[in-house]
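Scroll down for the structure; my scribbles are underneath it.
The values are calculated or read from the model by the stated rules, or taken from the named source; none is laboratory data. In this text the structure is predicted, and so the values were computed from the model without any measurement. All Cβ positions, even for glycine, are placed from backbone atoms using ideal geometry, and neighbour counts span all protein chains on display.
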Amino acid sequence: MSLKDTGQFRCAGGSDASAASPAAHVPGANGGTLGGHALRAAGLLELVHEELLQVEQVIQSESVAPVDAITSIGHYLHASGGKRLRPILVLLSGKLFGRCTESTIRMGAVVELIHTATLVHDDVIDYADTRRGRPSTNALWGNQTSVLAGDWLYMQAFQIALRERNFEVLDLLIGLTHSMVEGELIQLQRIGRIDVSEADYMELVDRKTASLFSVCARLGAIFAAAGEAETGRMGGFGWNLGMAFQLVDDVLDFTARETVLGKPVGSDLREGKVTLPLIYALESASAEQRHAVETVLRDGDYGGVPFETVLELVQANRGVERAMERAGAFAEKARLLLAGLPDSPFQKALLAVTDLVTARDY
């Protein structure tokens, strides 16, 4: 039974957040909020606290399947938490235009289920052992069961979306899924290659991350009955935010502590992925340094070349600094798109999200 059937939807309108708990937070691998800025994150999350709880309830109820393994995996992933940034974007975007509906809540659940499905598939493809500081689904249930569970989550997300009978939304979600799957296939073709260009990298970020952020922001505007121009502006905001988010994520793979990141540092290169900080560093790397990187790509581990050697290369050649500058440029474009919208607590909250994305520590 859905939450709609039980009458449990209660969308709080306007900017009144008095019913929200000041201690509200999005569950994460470390029990924290968006990055290390707990006070600022808690403040903006108060604006969508009640709605986010309803999204969580929808995810919980919609993750129940006739097959026990799928239900167990769905609940395991739900309990693993995460930043819930994508549903937050849907909710804040909706409230920015003055309207939060039952559909907005459901779309928050839809985007999180799609995101979760991609993580399940990514972990299988990458042979990952951990996710958010816990064993990955494939480590616990095996690759075959995990792939099928990820497929089920995708289809469940679309089943929820289909109930809206909204072709614009279905077109968005189908286009999004195509883009994300194509991105994964392109990435597989480039695994283990050192000659990945900045343009190659940006294409992957566009397909695998930024496209989902863009759809999240658009969905909130659509169900708030925003105009076409405003919906397009929100899509652009989400896209730039997603680009910034992924660039910071790839920097953190080099610079974060494993206990904070929730997975081993240096995982990308170990998995054969050359990301922007390393792309920049390789532009001025010596033949010996390039050979060291090629060794890690070939071996799939840091047995022959320590991670510290690669990190030193990235830092010495300004790979981290330049990647963060690019992330900052995307974030600034996102802020400029928001600046053209009416001033409100929700506009400020979205601006705060942009700041938190570029300043986070996991």
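With in contact with a helix residue (DSSP H, G or I) (Cβ under 8 Å, 6 or more places away or on another chain), closer than 25 Å to ALA139 by Cβ and either buried (at least 17 other Cβ atoms within 10 Å of the Cβ) or touching a residue at least 60 places away in the same chain (Cβ under 8 Å) (or both) as the only criterion, which of LEU77, LEU96 stands out? LEU77 is the lone residue from the list that is in contact with a helix residue (DSSP H, G or I) (Cβ under 8 Å, 6 or more places away or on another chain), closer than 25 Å to ALA139 by Cβ and either buried (at least 17 other Cβ atoms within 10 Å of the Cβ) or touching a residue at least 60 places away in the same chain (Cβ under 8 Å) (or both).
Scanning region 262-288 for residues that are in contact with a helix residue (DSSP H, G or I) (Cβ under 8 Å, 6 or more places away or on another chain), closer than 15 Å to LEU313 by Cβ and not β-branched (Val, Ile, Thr) gives GLY266, ASP268, LEU269, LEU276, PRO277, LEU278, TYR280, ALA281, LEU282, ALA285.
Right, SER93: more than 30 Å from VAL274 (Cα to Cα), modelled with pLDDT of 95 or more, touching a Phe, Trp or Tyr at 6+ places or on another chain (Cβ under 6 Å) and assigned to a helix (DSSP H, G or I) or not? No, not satisfied. Of all residues in region 54-69, those satisfying the criterion of being out of contact with any Phe, Trp or Tyr (no Cβ under 7 Å at 6 or more places or on another chain) and surrounded by 15 or more Cβ atoms within 10 Å (Cβ to Cβ) are VAL55, GLU56, GLN57, VAL58, ILE59, GLN60, SER61, GLU62, SER63.
Among the residues of region 166-173, are any surrounded by fewer than 19 Cβ atoms within 10 Å (Cβ to Cβ) and not in a helix (DSSP H, G or I)? Yes; the residues of region 166-173 include at least one that is surrounded by fewer than 19 Cβ atoms within 10 Å (Cβ to Cβ) and not in a helix (DSSP H, G or I). The single condition among (1) among the aliphatic types (A, V, I, L, M); (2) out of contact with any Ser or Thr (no Cβ under 9 Å at 6 or more places or on another chain); (3) assigned to a loop (DSSP other than H, G, I, E, B) that ALA128 does not satisfy is (2).
Going through (1) among the hydrophobic types (A, V, I, L, M, F, W, C); (2) at pLDDT 95 or above; (3) farther than 27 Å from GLU203 by Cβ one by one, MET107 falls short only on (3). Does SER103 qualify as being within 19 Å of ALA221 (Cβ to Cβ), part of a helix (DSSP H, G or I) and more than 15 Å from the chain's Cα centre (by Cα)? In short, yes. Inclusion of VAL296 among residues that are in contact (Cβ under 8 Å) with a residue 12 or more places away in the chain and buried (at least 22 other Cβ atoms within 10 Å of the Cβ) is warranted. Within region 54-90, the set of residues being of a type in the set (A, V, I, L, M) and outside any loop (DSSP other than H, G, I, E, B) comprises VAL55, VAL58, ILE59, ALA69, ILE70, ILE73, LEU77, ALA79, LEU85, ILE88, LEU89, VAL90. For region 127-152, a residue qualifies if it is closer than 20 Å to ALA256 by Cα and in contact (Cβ under 8 Å) with a residue 60 or more places away in the chain, and the qualifying residues are ALA128, THR130, ARG131, ARG132, GLY133, ARG134.
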